[in-house]
Each structure stands twice: as structure tokens, then as C-alpha cells.
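Each remark here refers to the structure printed beneath this line.
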Amino acid sequence: MSIRTYIFALLTSLVLMIAVILSYQSASIFVGSFDKMTKRMMTGIAKQYPEQGKVEQDILGYHVTTDWQLVPKQVREQFTQTPIENNILYSKFVDWIFIAPPEKAYVLMAFERDGKKIFISLFNENVRERVAKKHQDKGVLLDPMQEIILLGISGLIVFVLVLLAIFKKITVPVESLQAWGKGLTINDINKTRPDFRFKELNAVATLMHDNLVSVAESIEREQTFLSYASHELRTPIAVIRSNAALLEKVNPNPSENERKIRDRIQRASLTMKSMTETLLWLSREGDTDMPIETSCLGDLVQSTQNELIYLLAGKLVTVTIDTDEAQVDIAVVPSLIVLNNLIRNAFQHTQQGQVTIVQRGNEVIITNIEECYEEGGERVNEIQDNKPLGNNELGFGLGMQLVEKLTKQFGWRYTTTKLDYGYSVSVFFS
């Protein structure tokens, strides 16, 4: 529910309740005033009539008598018992629906004067017809109760219209602010901010704009840092790898200790190369505007696997790779980053078992199965979740996060399936 709807419903309900209460109060006051006026009139007549020596008398349409049996029969039929209490107005309306005059009306009051009880009464058994004749020249006849209800409804309608006008004046700038804020991008930070009429809304717009400027500056600093750092790393990486290759040519048969040192240098340079490519991609914000080239996906899989095979050194892991020579149209650099991270992840999390890499057309499926072995007479499962660890060579899950980001950016179908003793991931480069 929007704020506009909530406030409108709340205020309308409140005013409706007030209108109902005031209308009921007005109706009660009207009925009470009618009773008071009638009682005052009947009391005034009873103080003077019937005149001395008379038992009954008709005054201004009221019947006054000292004998209950002389009270009009129509009145006595409505009030079957003789009124005992004095100065109490008894009234009865027949067929009264509250918003229209009754069909019949009867009033009776007892008054004591000079030790005698006086009964004063008035009745009308054709009220509606008389009222209609009386007002026939005045057009539409409205009962006072109808007028009260109409006034209440009119007041409510006027309030709703005024409230809608106020809401329109207020909500239009608010909705404009919402639309402006929703469409605000980093490219718009240098444009003039619109005027939203109210200073509070302008203050919110200024705050949003300033926050976006701050975020843009922060992103720009991070991108600049990543770009500079990544490019600066390329030179020492290239030097390390070229000198490692040169060592192999100068001395192709090093001692065992020297071989270990060379292997460590080679592994570190490959890790730095992968990390640099990842950082370079992040500095581009995952730009999908990459050149599409026709390449052999199988060759890319083979070369990536060969670069990462050092991760299986000292492990009892069998690698099976099956590729074809299909030529596919892909963005080569993002594809290499995805393959590198997926194969690296499979190699790192398999200590004893099998890694299978299958490429068919545009699809690559990488499966790693951790085998079980006997220890102390019990079968032990050494499988670890095929998820990036906090101490892996690419940092805190950076590689797998990048895989998800790239596959989403390029619309590649990427699925992960948990097996009994391993994981299987599939990427469809299309």
C-alpha cells in the first residue's frame, strides 16, 4: 500500500466517522427540539384551558379536557393507560422511517392545575399528505432528516475533493521525485537537478544526487586502481614467465631442488596471470561489448587444462578430457576466464579421485568425483564441497563469483549439480 492510499483512506474514514456522529447528533437535537417545543406549547395551553366551567376545549388544534374519557378515541387507543405522571410528554409515531415524515403522529401530556388533572392531546393521522400539500408549491420536499443526511454527505464529498486536490498538488512532485530517482544514473550526475516545488523534496533530491556523486567517485577510484594495478602487474608477470622459460632452455636438466624451485615459480606466475585477467575484467565492469571470434572451444579447454595441471601435483587424481574440433562463435577472453576458474576449482577440490572434462559443440561439462578409501577398517569419504575456499589461490571466492557474473552477463546457461561424491558443472557458451 502506498503512503498516498494509506493517508487518503485514513483521513476519509476519520471524516466519515465525524460526519456520521455529527449527523446523528443533529438528528437527535432536531427530535429533542421538537419534543421540547411541543411540550412548552402544551404546558402553556394547559395553564389556561379549559376555561372555568368547561370540561373540554380545542385550542390551536390541541384538545384539552379534565376527563380522560373525553380524550379523543384515537389518542386513547395509542395510550391505553391513563398517564399518571404529570408534565411528561408522551409521543408515538406510526410508519416513521426516520428520513421521511411519519404517517400518523400522536402526543399526550397530563398537567395538574387547581387540584385537577388536565389532559392535553394532539393527533394527526395523515401527516405525509398534509406536509405534501403544504409544500407543493416549493418544488421537491425534503424532510429535515434528509437534509441532515444530505448535508453530511455533501460535506464528506467536499472534503474528499479538497483532499484529492491537496494530494494531487503534493503527490505529483513526490511521484516526479520517485521517477527521477529511479532513472538517475552515473551519466546524469552532471545534469541540472529538477525543481520538485517543495524544499523538503528538493533536499531529498539533493541528498540522492550527492550520494550518487560520491558512489560514482568511489567506483571511478576503484576502477582506476584496478586498471593501473592489473596493467602494472603484467610486466613483472611477463618477466617472470619469460625468464622461467629461458631457464628451461639454458639448463633443461636442473637438480631436483632446482626443479622444485622452478615449478613453484611457474605455478606462481600462472596464478598471478589468472588473477590479473580477473582483475582486468572486473575493472571493465563485466562489459559484454567484447569481440566475438570463431574459435575451437576444444583447444581452449585443452590449453586451460594444461596450464592448471600443476594443481594436481602429488595427488592421486586421474584427468579425463574429451573434446571435439567444433568451431564456435564466442567471446574468447571471458570464455577463458570461466574455463580457467571452473577447471581450477575442480582440481583444487579433488584430493583423490577423477576429474572428467567433456566438450561437445558449445557445451563444456566438468565433473570431479572424490573416491573413498579404507582407513582403520572404515570407509571414509574425503569429498569437500566444490566451492571456493577462503585460502584458495585466487582469493576469497573471487573466481567463482566472476564465473556467475560472466555467465549471467553473456546469457550463458550455467548449472551446478551436486553428486554423491562430487560436483558436476555445465556451461553452454551460446
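The values are calculated or read from the model by the stated rules, or taken from the named source; none is laboratory data. Computed from a predicted structure; not experimentally measured. Positions of Cβ are backbone-derived with ideal geometry, glycine not excepted, and every protein chain shown enters the neighbour counts. Please note that ligands, DNA and RNA were not included when accessible areas were found on the heavy atoms of the full protein model with its side chains. Shrake-Rupley method; radii C 1.70, N 1.55, O 1.52, S 1.80 Å.
Just to confirm a number: summing +1 for Lys and Arg and -1 for Asp and Glu over residues other than Glu77 whose beta-carbon lies under 12 angstrom from that of Glu77, what do you get? Walk me through the numbers before you get to the answer.
Working: positive: Lys73, Arg76, Lys92, Lys104; negative: Glu125.
Summing Lys/Arg as +1 and Asp/Glu as -1 gives +3.
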Q. When the Karplus curve 6.51 cos²θ - 1.76 cosθ + 1.60 is applied with θ = phi - 60°, which whole-Hz ³J(HN,Hα) does each residue of region 150-166 get, with x for Gly and Pro?
A. 5, 4, x, 5, 4, x, 5, 5, 4, 4, 4, 5, 5, 5, 5, 5, 5
Q | Potential extension, Phe34-Gln178 segment - 0.36 nm per residue separation minus Cα distance | A | 46.1 nm
Q: Over region 207-277, give the accessible area per residue in Å² for a 1.4 Å probe, as an integer.
A: 69 Å²
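Provide the gained length on full extension for the span Tyr421 to Met208, in nm with one decimal, where the gain is 0.36 nm per separating residue minus the Cα-Cα distance.
Details: separation 213, 0.36 × 213 = 76.68 nm, distance 5.03 nm.
Fully extending the segment from Tyr421 to Met208 adds 71.6 nm.
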Q) Label points 7 Å out from Cα along the Cβ direction at Glu147 and Lys73: separation in nm? A) 3.8 nm
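Using the Cβ atoms and a cut-off under 12 Å, what net charge is assigned to the surroundings of Ala238, where Lys and Arg are +1 and Asp and Glu are -1? Write down the numbers at each step before the final one.
Working: positive: Arg234, Arg241, Lys273; negative: Glu232.
Summing Lys and Arg as +1 and Asp and Glu as -1 gives +2.
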Q. Taking the alpha-carbon centroid of each part, what is the distance from region 44-59 to region 209-257 in angstrom?
A. 121 Å
Q: For Tyr423, enumerate residues with amide H under 5 Å from its amide H, sequence gap 5+ or separate chain, H modeled in the peptide plane.
A: Asn368
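Classify region 33-75: rounded, prolate or oblate, from the alpha-carbon gyration tensor (a ≥ b ≥ c, eigenvalue square roots; a/c under 1.5 rounded; otherwise prolate if a/b is larger than b/c)?
Working: a/c = 2.52, a/b = 1.40, b/c = 1.80.
Because a/c hits 1.5 or more and a/b fails to exceed b/c, region 33-75 counts as oblate.
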Q) Listed here are the pairs Lys260/Lys405; Lys260/Lys408; Lys182/Lys408; Lys182/Lys273; Lys199/Lys408; which of them are more than 32 Å apart at the Cα? A) Lys260/Lys405; Lys260/Lys408; Lys182/Lys273; Lys199/Lys408
Q. Where Lys and Arg each count +1 and Asp and Glu each count -1, what net charge lies around Thr318 among other residues with Cβ under 15 Å from its Cβ?
A. -2
Q: Between Phe198 and Asn306, with labels modelled 7 Å along Cα→Cβ, what's the label distance in nm to one decimal, could you check?
A: 6.9 nm
Q: Rounded to the nearest 0.05, what FRET efficiency do Lys116 and Met17 give with R0 = 35 Å and r taken as the Cβ-Cβ distance? Could you check?
A: 0.10
(Q) With the crude spin-label approximation of a point 7 Å out along Cα→Cβ, what separation in nm comes out for Ala229 versus Asn257? (A) 3.6 nm
